[in-house]
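One structure, pasted below without further comment.
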Amino acid sequence: KEKTRNAWIQEKLTHPRFTPYYIMPNFSFSDSEKQDLLIALLSMTEPAPEVIHAEPLPLPPLQYPKGNAGKLMNELQCLTCHTLNGVGGKIAPELSMVGSRLQYDWLLHFMKEPGAIRPAQEERMPFLYMTDEEILEITNYLFYANKHNDVPDFVPNFNDIEQGKILYQQFRCYGCHQIEQVGGSIGPNLTLVGDRLQPSWIYFQILHPEQASKIEPKIITIEQDARAIASYLSTLKAKP
């Protein structure tokens, strides 16, 4: 291909992954939009501000996993936003407990079509335009290699569902969470949480938010209350 500045910008706008580091998402620009952006970028001829020439602060090296999944995560620069085993960015959720937290089918679908989980959060997972093989590679690694050893086994109890629904209101969980567009938008939307989170994780996070999310306050301390609310939330799924 032509090795010019114009060609490089056009290729970057069309296929961001052609460069070694993939931080910019693929916006699927039309030809006219790419042409407009190219003209706008080439018009920036003013001298760069002095701050641009300052030496950047050294950053600790990002330790990606070994194997094909690690190579792919490095290419996609996943740790720019996510943390894995204590290393990485703080914008997006921690990945080292994904296998205990998420449902496999939900994770696989999310990797294909990322969506908003926290309504109030401006940052969004970009559409990465991965192949089916790449999606399966990362999904399998995240799900099977990243577990939380302290998550107990929990099976929702049908008899606790109504009590859990009452407790959800009494503890005012709706102050931060939404169900069917009713409630706050600080925390994740719980409308289909039964499809997204594993029941054991819901129960674990309610009782031990300091270990699970480090964001949710510790309000519920009685185990039976946690079991009832977890049983109720686990039923919030998409209709067949």
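Placing +1 on the Cβ of each Lys and Arg and -1 on the Cβ of each Asp and Glu in the chain, which of Pro47, Pro152, His15 has its Cα farthest towards the positive end of the resulting dipole?
Most positive-ward Cα: Pro152.
Still on this structure: Which percent of the accessible area of region 165-240 is formed by carbon and sulfur heavy atoms (probe 1.4 angstrom)?
Details: 2340 of 4170 Å².
Summing carbon and sulfur atoms, their accessible area is 56 percent of the total for region 165-240.
A further question on this structure: Using 0.36 nm per residue of separation minus the Cα-Cα distance, give me the extension gain between Asp132 and Ala40 in nm, one decimal.
Values: separation 92, 0.36 × 92 = 33.12 nm, distance 3.50 nm.
Extending this stretch completely gives an extra 29.6 nm.
Right, something else. Sum -39500 (n - 2.57) across every DSSP H segment of at least 4 residues in the chain, then divide by the residue count to get the 222 nm mean residue ellipticity, nearest 500. Kindly include the intermediate steps, with their values, before the conclusion.
Details: 11 runs with 97 residues, N = 240.
Calculated mean residue ellipticity at 222 nm is -11500 deg cm²/dmol.
Shifting gears a bit: Given a Förster distance of 41 angstrom, what is the FRET efficiency for Ala7 paired with Ile186, based on the Cβ-Cβ distance and rounded to 0.05?
On the way: r = 45 Å, r/R0 = 1.10.
For Ala7 and Ile186, the calculated efficiency is 0.35.
Right, here's the next one. So what's the angle, to the nearest 10 degrees on a 0 to 90 scale, between helix 161-170 and the longest Cα principal axis of the chain?
Value to nearest ten degrees: 70.
A further question follows. Give me the angle, in degrees from 0 to 90, between the Cα long axis of helix 223-233 and the longest principal axis of the Cα atoms of the chain, rounded to the nearest 10.
60 degrees
With r defined as the distance between the Cβ atoms of Val87 and Asn159 and R0 fixed at 45 Å, what FRET efficiency is calculated, to the nearest 0.05?
Values: r = 44 Å, r/R0 = 0.97.
E between Val87 and Asn159, to the nearest 0.05, is 0.55.
Which of Cys81, Ile222, Tyr141 sits farthest toward the positive end of the charge dipole of the chain, with +1 on the Cβ of Lys and Arg and -1 on the Cβ of Asp and Glu?
Ile222
Relative contact order for region 77-164 using alpha-carbon pairs under 8 Å, separation at least 6, rounded to a whole percent? Mind showing how you got there, number by number?
Working: 77 pairs, mean separation 25.4, N = 88.
29 percent.
Per residue, what accessible area does region 130-207 have, given a 1.4 Å probe and all protein chains present, in Å²? Numbers along the way, then the final one.
On the way: 4410 Å² over 78 residues.
Per residue, region 130-207 has 57 Å² of solvent-accessible surface.
Per the Cauchy relation, a quarter of the hull surface: what is the mean projected area of the convex hull of the alpha carbons in the chain, in nm²?
About 17.3 nm², averaged over all directions.
What nm value, rounded to one decimal, do you get for the distance between Arg17 and Asn140 when each label is placed 7 Å out toward the C-beta?
Simple spin-label model gives 1.7 nm for this pair.
Between Ile215 and Thr80, take the C-beta separation as r, use R0 = 22 Å, and let me know the FRET efficiency to the nearest 0.05.
Approximately 0.60, to the nearest 0.05.
Okay, next question. Stokes-Einstein diffusion coefficient for region 91-142 at 20 °C in a medium of 1.002 mPa s, Rh from the Kirkwood formula over Cα pairs: what value in µm²/s? Don't jump to the answer; show the numbers that get you there.
Numbers: Rh = 11.9 Å.
Rounded to a whole number, D works out at 181 µm²/s.
How big is the charge dipole of region 68-194 about its Cα centre, in debye rounded to the nearest 20, if each Lys and Arg gets +1 on its Cβ and each Asp and Glu gets -1 on its Cβ?
380 debye
Rounding to the nearest 10 and keeping the result within 0 to 90°, find how far the Cα-based axis of helix 31-42 lies from the longest principal axis of the chain.
On a 0 to 90 degree scale, this one is about 70.
The values are calculated or read from the model by the stated rules, or taken from the named source; none is laboratory data. What you see is a predicted model, and the numbers here were worked out from it, not measured in a lab. Ideal geometry is used to build each Cβ from the backbone, glycine not excepted, and the neighbour counts take in all protein chains shown. All accessible areas refer to the heavy atoms of the entire protein, side chains included, with ligands and DNA or RNA removed. Shrake-Rupley method; radii C 1.70, N 1.55, O 1.52, S 1.80 Å.
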